[in-house]
Amino acid sequence: MAKIRRNEKREMPALNTSSLPDIIFMLLFFFMSVTSMKEVTYKVQFQNPQATELTKLEKKSLVRYIYVGTPTAEFRKQYGAETRIQLDDAFAEKSDIGEYIVNERSSMKEQDQGLMTVSIKADKETRMGIIADIKQELRRAYALKISYAATQRTNY
Amino acid sequence: MAKKVPQINASSMADISFLLLIFFLVTTSMDVNQGLARRLPAPIPPDQKVEDTDINKRNLLVVKINSANQLMVQGQLTDVKQLREKAKEFIKNENDDAYMPKLFEEDFGAPIGVVKYTKEHVISVQNDVDTRYQSYLDVQNELVAAYNELRDECARKYFHKGYNELEEDQQKQVQKVYPQKISEAEPKNYGGN
């Protein structure tokens, strides 16, 4: 007959954790490949508009970003709730865009300069007036390849 | 006598890789960079006067968006969902209608051959200063979608493949049949403050 053993001290075998680093490294590489580094700290908040005919921006080094939206809560006191433009890490005026583009372009390799793409990341509620102004500035600076950042539309 | 190499203690390896993992989770963002790619027209030199380009009225599809985000296509109030079909109809002009763009015959090389196409059509998008960005992008999106669909149809007809599966020079051939001509006017103030 089977004996019911109780209150008998049995030691738990030690769990073999030697493969744990490998698993974690795998996770790490997965995340490294599917994510991208944050370009800047956002000072404006925006929600991308939706669209269906999207193309991926290929080479990260050739893309420059213009953010358009209302200042985030911490900056609202200082800058108000009007739509603002952000270039790199700072607020900017429309007139700064031309200079920014020229500077960024000259920092690129010569053969890449013609391939520069400007991605406009604007809030979907933005009025077109400011977007049109930005576009005019970009035209003047000969940054003609642009991309309107958007997310994939799932439903109408 | 061979000396025994002491085994390295690797138990902290997991901690180190966890640390790296968490660092990458925090500093990276998941969102992929995608968007609607467009090309702006080159600037007009300041010393050059703006000339009224002579575009025959039948070659022009005017799409206006007002400050209340309503859409007007050729003077008719239209829903965004109908824009794609209208644009396709306009670009193709299969029945050679008098009020649709003029058809030209051209040889596009094998296997497309001689095909009629609307060489001079222009889609003009005009928006108000107060138009919402999303509405504007919806219109742009529908127009690009119209071109993409037409090119895909063309690719399937002549190459029996989707447009995206074609070789680069084949894509160029198809692009010539349906050249993308979306023009954007300077923003004006149409009706309603």
- Test: B:Phe18 is of a type in the set (Phe, Trp, Tyr), assigned to a helix (DSSP H, G or I) and either in contact with a Lys or Arg (Cβ under 8 Å, 6 or more places away or on another chain) or free of Cβ contacts under 8 Å to residues at least 12 places away in the same chain (or both): yes
- Please find, among B:Leu150, B:Leu143, B:Leu166, the residue that is within 14 Å of chain A (Cβ to nearest Cβ) and over 26 Å from A:Ser119 (Cβ atoms). B:Leu150
- Message: Here is a check on your reading of the model: is B:Asp31 under 30 Å from A:Asp22 (Cα atoms), acidic (Asp, Glu), surrounded by 10 or more Cβ atoms within 10 Å (Cβ to Cβ) and at pLDDT below 80?
- Response: yes
- Query: Given (1) assigned to a loop (DSSP other than H, G, I, E, B); (2) away from every other protein chain (no Cβ under 14 Å), where does B:Ser67 come up short, assuming only one miss?
  - Reply: (2)
- Note on the structure: Of those in the range A:68-103 that are among the small types (Gly, Ala, Ser) and under 17 Å from the mean Cα position of the chain (by Cα), the residue farthest from A:Met116 (Cα to Cα) is A:Gly69
- Flag if B:Gly113 is in contact (Cβ under 8 Å) with a residue 24 or more places away in the chain and either under 28 Å from B:Cys154 (Cα atoms) or surrounded by 11 or more Cβ atoms within 10 Å (Cβ to Cβ) (or both): no
- At least 3 residues that are at pLDDT below 90, within 14 Å of chain B (Cβ to nearest Cβ) and surrounded by 10 or more Cβ atoms within 10 Å (Cβ to Cβ) in each: list the helices (runs of 4 or more DSSP H) lying fully within the range A:1-113 that qualify. A:20-34
- Would you please name the residue that is nearest to A:Glu58 (Cα to Cα), looking only at residues in the range A:114-135 that are aliphatic (A, V, I, L, M), in a helix (DSSP H, G or I) and touching a residue at least 12 places away in the same chain (Cβ under 8 Å)? A:Leu115
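The values are calculated or read from the model by the stated rules, or taken from the named source; none is laboratory data. This is a predicted model, so every value here is computed, not measured. Reconstructed Cβ throughout: ideal geometry from the backbone, glycine too, with neighbour counts over all protein chains shown.
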